[in-house]
Every structure is written in structure tokens, then in C-alpha cells.
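Contents: one structure, followed by commentary.
The values are calculated or read from the model by the stated rules, or taken from the named source; none is laboratory data. Not measured: the values here are computed from a predicted model. Cβ placement follows ideal geometry from the backbone for every residue including glycine, while neighbour counts extend to all protein chains displayed.
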Amino acid sequence: MLRVISLLRNWVVGGMCVLLVACSAPISVVKPLDVSRANQSASAQFVVNKFGDYRFAFLFAKENGLAEINKQIKIWGDLNHEGVAIPIHLRVLKDEQVYFDEELVTTGVQWGQGIEYEGRYVNAAIRLIEVLELVPGSCTVEVSTLKDREAFGV
């Protein structure tokens with residue numbers, strides 16, 4: 001358990017897809033991604049069964065104590081300040097065709113969520129990357145970091 005929490009504390013987990021369509025089961029694909037270093041990437045394949053909006057986001061694992069969480073908020077940001085920006089490249093292939101391919105800069109934390117990761121419950125702060133409207137079919141997503149961000153380092 002401590003190994004998983006330690007890993008998540010020092011890394012960001014790319015939450016690769018959350019389906020927002022009503023009456024449909026969400027798709028969640030979670031991959032670790034070290035955002036402190038440039039040229040790190042995480043990718044995932046998934047199947048879209050129903051038309052809808054899909055959120056691509058970074059999930060930051062929260063510490064347990066208030067003092068530690070306040071330190072994390074200074075780096076991650078919140079609704080009132082941007083925190084340390086993370087420049088990324090997001091590429092989404094839909095049925096093996098490029099659907100989205102852009103460099104973006106992510107800032108702030110927009111909401112929180114509890115997630116199950118490797119059999120453990122993790123309380124996460126969520127930084128939105130992009131929301132894309134997807135139709136049914138096979139998708140591949142890849143998120144890559146573009147610059148070093150020492151504030152996120154170990």
C-alpha cells in the first residue's frame with residue numbers, strides 16, 4: 001500500500017477517459033505518467049460504445065494531512081490559482097485515423113474524485129486536459145510531456 005501511495009504521490013496518473021453520457025457505464029483508464037520530466041508518455045486503447053463527451057485529465061494523488069495537501073495545492077493549483085503549468089501533447093486516434101493532435105498547456109485543479117488504483121482507494125485532485133466528443137469505435141490516446149517540471153519531482 002505504501003509503495004502505491006508513494007508512487008502516486010510523486011507521479012501523476014493520467015486519467016485517460018471518463019464517459020459523461022447519462023445511463024452509460026463510465027470508461028476509466030488510468031496510466032502512471034511522470035510529469036516532472038520531458039518526453040514521458042502514457043498511452044491507452046479503449047472502445048467507445050456510446051456517443052458522448054469524454055474527459056482526458058491528470059489525476060494527482062492527495063496526501064492525508066492538511067499541511068501536505070496545502071503544499072500540493074501550491075504546485076497543482078486549484079480553482080483560484082493555476083499552479084505549475086504542464087505543457088503536453090495529446091493525440092487521439094479514432095479507428096486508426098488522427099482525430100485530435102495538439103499541444104496543450106494544463107493548469108489548475110478543477111475537481112476531486114476517489115479512484116480505485118491497483119486495488120487501492122486513492123483520493124485524487126483532477127486537472128482537466130481536454131473534453132472530446134467521441135462516436136462509437138476503437139480509440140487510442142497518448143499523452144506526452146513536453147518540458148521538465150521540477151516542482152512535480154521526487
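Observations
- Of all residues in the stretch 100-154, exactly one satisfies the criterion of being assigned to a strand (DSSP E or B) and at positive phi, namely GLY137.
- Residues of the stretch 22-42 satisfying the condition of being part of a loop (DSSP other than H, G, I, E, B) and at pLDDT 85 or above: ASP34, VAL35, SER36, ARG37, ALA38, ASN39, GLN40
- Against the criterion of being among the acidic types (Asp, Glu), within 20 Å of SER43 (Cβ to Cβ), modelled with pLDDT of 90 or more and under 12 Å from the mean Cα position of the chain (by Cα), GLU96 does not qualify.
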